[in-house]
Structures are given as C-alpha cells and as structure tokens.
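Colleague: Right, I'll just put the structure down here and ask away after.
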Amino acid sequence: MSEHRVDGWQNLLTGYGVRGIDKRMSTEFVGAQRLSEAIQTNMFTGDGFAQRIISLPVDDMVREWFRIEGDTEGLILDALKALQAKACITRALKWARLYGGAVVVMGIDDGGELAQPLNENNIRNVDFLRVYDRYRVSRHKEYMTPESPKYGQVEQYMVSPCSGTPYYVHESRILIFDGIDVPDSVRQNNNGWGDSVLQAIYPRIRGLGEAYGNIETIISEFIIGKLTIKNLGELLATGQESLVHSRLSQIDLSKHVINSILLDESETFDRVSATVSGLEKLMGLLVQACSAVTGIPVTLLIGESPAGLQATGASDIRLYYDAIAADQETILRPSLEKLAKYIMLSKEGPTGGKEIDGWAIEFNSLWQQTEKELAETRKITAETDGIYITNGVLLPEEVAASRFGGNKYSAETELMIERTMPTIEDGENA
C-alpha cells in the first residue's frame, strides 16, 4: 500500500503527492558537511570569493570607525589608537566570521591575575590587546549558580596560543565576538560557539568556483583540431599506436615550422570551435545566488557595475549598509563600550580614572557623499537657512555658529536662545 501524505494535496489517479509515484516526494534536505578548521582556513587563504565574503563586511563595519560624544578632545580615540584597537577588533571580527568565534584579551593592570575577575575600582591602565580565534580558546569554568543572571555562561576561558604557554582568563577581561547564531544543539557541538559564515553558503561558493574552473577549461579547449586518418581503428587494433603518435608529432612539427599542415591525400584536418552562448547568463545566476546568501550586493561582491537602464546599484548598497549598521549595533557596540569604559576608568589613562559625563559611542556614516553631492546638500541647506532668517525663525548668528562654529561644517542647527511658541490665548489677547 502506498504511503500517503497528510499535510498536502494528493491525487491518487495521477499520483500527484503520492510517495513512490510522485518523484518530488523523494526530495528531502540533507545536512551539508561540517566545515573543519582546516577547510575554513584553506578557503580563506586559497579562494578569493571566500576571503572577500569574510573580509568585506568587516572592513565596511570599521571603515569609518566611530566618535565618542562628550570626548571633545578625542582622548579616548587617541588611547584606542595607541592600543591598535581598530586593527585588533577588525582581526577578531574576521576570525569570528571565518571560524564561528573569536576573542580579544584585554591586558588590564588592576593588580590581579588574568584568571581573576576584573576590579574596575583599581584599574591603572590598559596595557595590550591580543586576538585569538575560537579554536585557540576553550571553556574552562562556567557560572553554576542558578540564581545568577550569568548562569550557564563562561566564567573562565583557557587560551592556547599557537606558540606559547596556555593560560586562563576571566570573562570580564575578554571581548567576545560570536559567529552566526545557531540552535543550542549545534552550539554545544561547537563547544559553545556559533557557526562560520562559510558553513551555510558553502554549496554556493563551491558551485561558483567550479563554474569558473570549467570556463577556464572551455577557453583552453575553445578550438580543437580534428584529424581524420584512414584506417585509424585498424591501426589501433593491431597495436600500431606508435605510428599514430609519430604521425601526429610530424603534423604538429610541420605546423610550427612552416605554419602549414602537411597531410596525406587520405587525411583531412579541420578545426572545431566550442560554443559559449548563454554561458554569461548562467554565470550571472550563480553570482546572484552567492549575493543572495551572503547579503553582499553583486556590485560589491565582484566589483561589476550594474547593467540596465538607469541602473546604479545605489539602492542595493544602501540596504547593505543598513545591514552593516545593524551589525555595528549588535556586534560591535557592546565590545567598544566595554573597552572605552575601561580606558576611562584607568587611573593612568587620559581621563584620570573618571568616566566622561554623558559619553556615548556614535558610528560615523557608511555612506559617503561625493564632492558634487556635498555641494548640492550645502546649497539646499543655505537656501533653507536664508528662508528661516528672512522669516525670523533663526538668527544669522545661530546659523553661522551651527554651520561653521565647530571643527568642520555641520548641517545640524543649535539654537542660541530659547524660543516659546505663541498660544491660542496670546493670539486672542493680541
């Protein structure tokens, strides 16, 4: 008796939806192979597409860096620069995408050991930052008190450098960058870490790589010479392959010497060209598939200008930048705030151990206007300012201070005097 579906359409006469008759019913998803550390490393170092997929979003995430509101003199940014924080965090983000996780160990001088909880009230300085991928870091100790908000989280890690002695670090001294979020069952198999970005997109990258490899083969064999030799089958059957090879060598030699081919009257030679019609469209579909699973626009993934009427690719790039901005908030901000806070709490640091009042991290815009766009924006702003001044909404001094009072031009307007809106009673009394 045939097995019947109970969650979809069936037609017993046509076999639609009936397992054993409808071929579609035999299609099911089979999990892809789990990528090992060696495969992940080899893909990053040996495949240009894989390396670009890992690196491009990270480079864009940190490209314009950030500013700290309240730090008017840039003291914290200078301290971060001295620690090479941008390079370290960039590296950690890339390893997190490649391997499924990475950490930055903060060398904080608070009088305690690396394995002990950080004493925020006794921070003297932040001395160094070290980056390790998740294969160099293992869970050593967890918070085991059920009432604790950190229950089940890692309390202490063991770091095993590629060269050097393993050591323990308390989680308060570490900046953690996780991989792609996965169910707890998968995370358990990953020793508590997320997945590599390459894990889910591996079939698409493999297909694209194979396609480009096949194109190289087609190019190398684009024109093939076809030689017809009389009684070839008989020669081969009687063990006279050496005569055939010798004849081919003679023909090839004559072609090189006199740019002509010498043939017997019973032989013929012509060239057969391969056809590549439609190949470009098929390759385009493969590239689009990679773009879809990575979230990287085709214009950025392969550096190809968009085709079509009035095509700019600007909308795709803006959506991509919106996704990058979201990652900045969820992935980058917590670690940057933690590091910036410890620098401010450092007694030997730039602020003398005191947090700046109302400080906040603000990421700089990823979308940078061209010189023409900047000029047009300023022109529109100037025209608007003129209307406001003419109608008494703004004072000329307010516009001048807002636009040119700082270190650079600003389109934001700050009022110098407090304004009150007239009420209905005021109008009636007038």
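Colleague: Looking only at residues in region 259-308 that are at pLDDT below 75 and within 29 Å of the chain's Cα centre (by Cα), which one is nearest to GLN51 (Cα to Cα)? Step through it out loud before you land on a result.
Modeller: Applying the first criterion (at pLDDT below 75) to region 259-308 yields 259-278, 304-308.
Cutting the leftovers down to within 29 Å of the chain's Cα centre (by Cα) gives us 304-308.
Details: GLU304: 17, SER305: 21, PRO306: 22, ALA307: 25, GLY308: 29 Å.
Here the residue is GLU304.
Colleague: Which strands (runs of 3 or more DSSP E) does region 131-203 wholly contain that include 3 or more residues that are open to solvent by 80 Å² or more (accessible area, probe 1.4 Å)?
Modeller: Numbers: elements: 137-142, 154-159, 167-170, 174-178.
In region 131-203, 137-142 are the strands (runs of 3 or more DSSP E) which contain 3 or more residues that are open to solvent by 80 Å² or more (accessible area, probe 1.4 Å).
Colleague: Okay, next question. Only one residue in ALA211, ALA200 is modelled with pLDDT of 90 or more, among the small types (Gly, Ala, Ser) and under 29 Å from LEU56 (Cα atoms). Which one? Steps first, answer last, please.
Modeller: Details: ALA211 fails: modelled with pLDDT of 90 or more.
Going through ALA211, ALA200 in turn, the sole match is ALA200.
Colleague: Here is a follow-up. Filter region 381-396 down to the residues that are part of a loop (DSSP other than H, G, I, E, B) and at negative phi, then identify the one that is least open to solvent (accessible area, probe 1.4 Å).
Modeller: Restricting to residues being part of a loop (DSSP other than H, G, I, E, B) and at negative phi, the top hit is LEU394.
Colleague: Now a separate question. Every residue in region 288-299 that is buried (at least 18 other Cβ atoms within 10 Å of the Cβ) and assigned to a helix (DSSP H, G or I), please. Show your work before the answer.
Modeller: Just the residues of region 288-299 that are buried (at least 18 other Cβ atoms within 10 Å of the Cβ), to begin with: 290-291, 294, 296-299.
Listed by number, the residues that qualify are CYS290, SER291, THR294, VAL298, THR299.
Colleague: Could you please find all residues in region 322-350 being open to solvent by 30 Å² or more (accessible area, probe 1.4 Å) and closer than 25 Å to ILE296 by Cα?
Modeller: Of everything in region 322-350, those that are open to solvent by 30 Å² or more (accessible area, probe 1.4 Å) and closer than 25 Å to ILE296 by Cα turn out to be ASP322, ALA323, ALA325, ALA326, ASP327, GLU329, THR330, ILE331, ARG333, PRO334.
Colleague: So, one more: Go through (1) touching a helix residue (DSSP H, G or I) at 6+ places or on another chain (Cβ under 9 Å); (2) in a loop (DSSP other than H, G, I, E, B) one by one and return the number of the condition PHE29 breaks.
Modeller: It is condition (1) that PHE29 fails.
Colleague: Here is a follow-up. Of all residues in region 354-380, count the ones that are at pLDDT below 90 and surrounded by 12 or more Cβ atoms within 10 Å (Cβ to Cβ).
Modeller: Total satisfying the criteria: 6.
Colleague: Here's another thing I want to ask about it. Among ALA79, ALA96, ALA92, which is the only one that is among the hydrophobic types (A, V, I, L, M, F, W, C), in contact (Cβ under 8 Å) with a residue 12 or more places away in the chain and in contact with a helix residue (DSSP H, G or I) (Cβ under 7 Å, 6 or more places away or on another chain)? Explain how you work it out, then say what you get.
Modeller: Numbers: ALA96 fails: in contact with a helix residue (DSSP H, G or I) (Cβ under 7 Å, 6 or more places away or on another chain); ALA92 fails: in contact with a helix residue (DSSP H, G or I) (Cβ under 7 Å, 6 or more places away or on another chain).
Residue meeting the stated conditions: ALA79.
Colleague: For the list (1) surrounded by fewer than 20 Cβ atoms within 10 Å (Cβ to Cβ); (2) within 21 Å of ARG130 (Cα to Cα); (3) small (Gly, Ala, Ser), I need the number of the one condition that GLY74 fails.
Modeller: Evaluating GLY74 over (1) surrounded by fewer than 20 Cβ atoms within 10 Å (Cβ to Cβ); (2) within 21 Å of ARG130 (Cα to Cα); (3) small (Gly, Ala, Ser) leaves (2) as the failure.
Colleague: Out of ALA87, ALA82, which single residue is within 23 Å of ALA325 (Cβ to Cβ) and either out of contact with any Asp or Glu (no Cβ under 9 Å at 6 or more places or on another chain) or crowded, with 20+ Cβ neighbours inside 10 Å (or both)?
Modeller: Selected residue: ALA87, the only one of ALA87, ALA82 that is within 23 Å of ALA325 (Cβ to Cβ) and either out of contact with any Asp or Glu (no Cβ under 9 Å at 6 or more places or on another chain) or crowded, with 20+ Cβ neighbours inside 10 Å (or both).
The values are calculated or read from the model by the stated rules, or taken from the named source; none is laboratory data. These numbers come from a predicted model, not from an experiment. In this analysis, Cβ positions are derived from the backbone assuming ideal geometry, glycine residues included, and neighbour counts consider all displayed protein chains. Just so you know, the surface numbers come from the protein's heavy atoms only, side chains and all, with ligands and any DNA or RNA stripped out. Shrake-Rupley method; radii C 1.70, N 1.55, O 1.52, S 1.80 Å.
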